[in-house]
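Q: Pasting in a structure now, in structure tokens, and then I'll have a few things to ask.
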Amino acid sequence: MQAFAQSDIGMVRKTNEDSFVFLPPHLFVVADGMGGHVAGEIASSLGANTIRECIAKNSDQSDWEQALKEAIIEANTSIYQMSQSQSECQGMGTTVTAVYLDNTEVYWSHVGDSRLYLIRENSLHQITSDHSLVWELMQNGSITSEEAQVHPHRNILTRAVGTSDTLKVDSGKFLSHLGDNLLLCTDGLTNMLSEDNILSICTQPDNPETIVNTLVEQARQAGGHDNITAILLQFGN
């Protein structure tokens, strides 16, 4: 397995509120913070670091899906407590999309609108569901996927880590195949590039570093309206 990660401030934002964990061959996390001033940056960093520390403490774990869920819930508690105790952090939160690899088993947990994609046999499959207003509108048929891309409320989350003292975490697992690619990314990438474009780039016969650099650069060229973070895992043929 080969892997590469990159986070870029984009073309508009003054700070990078994205964070990530890159610990091959096992743990990979992307987090996109929200909140005023530097609170988003604090939330995503605290969330990512808490997950990393929780997983490290449970190195003998057999149920990695549950371990990831518990790590995200621990991150939720840490962020929420800080937001309650420090006025400048009030209301902060973050998305989290986390993957743990155990040989061919892929375990994932997720909250928010960052995404996990599986690229298999030249097809792009979104594994996670967005916890956002436009995703709900799209799922109930109120708007199309094309309308969702330009909807004025597309950045409104219905679920985030750290904004409440309780949290529901999505999770799952699947088997990786030789030739698979996994892409974890924040919405700074998916709001700038179509899924067809992402698929075209990810299926090029290049190494993960070249592909991730291309994804980030094309998102910047498309406007780079938000911070851009991407992690690509390649399971060699």
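Q: Contact order normalised by length for region 47-109, with contacts defined as Cα pairs under 8 Å and 6 or more residues apart; what percent is it?
A: Contact order relative to length: 34 percent.
Q: Just report the Cα centroid separation between region 34-78 and region 142-178, whole Å.
A: Here the answer is 17 Å between Cα centres.
Q: Which of G141, C185, A160 sits farthest toward the positive end of the charge dipole of region 2-234, with +1 on the Cβ of Lys and Arg and -1 on the Cβ of Asp and Glu?
A: A160
Q: Averaging sequence separations of C-alpha pairs under 8 Å and six or more residues apart, then dividing by the length of region 2-234, give the relative contact order as a whole percent. Walk me through the numbers before you get to the answer.
A: Values: 538 pairs, mean separation 63.7, N = 233.
Relative contact order of region 2-234: 27 percent.
Q: Between Q66 and T214, what is 0.36 nm times their sequence separation minus the Cα-Cα distance? Round to one decimal in nm. Before the final figure, lay out each step's value.
A: Numbers: separation 148, 0.36 × 148 = 53.28 nm, distance 3.40 nm.
Separation in residues times 0.36 nm, less the Cα-Cα distance, equals 49.9 nm.
Q: Within region 2-234, what is the number of lysine pairs with alpha carbons under 26 Å apart, leaving out pairs fewer than eight places apart on the same chain?
A: 5
Q: Which log10 I(q)/I(0) values does the chain give at q = 0.11, 0.14, 0.18 Å⁻¹ under the Debye formula, counting every alpha carbon as one identical point scatterer?
A: Taken in order of the listed q values, log10 I(q)/I(0) reads -0.51, -0.86, -1.43.
The numbers here are math on the coordinates, done by the rules we state, and not lab data. Remember, predicted model here, so these are calculated numbers, not experimental data. Every residue, glycine among them, receives a Cβ derived from its backbone with ideal geometry; neighbour counts consider all protein chains shown.
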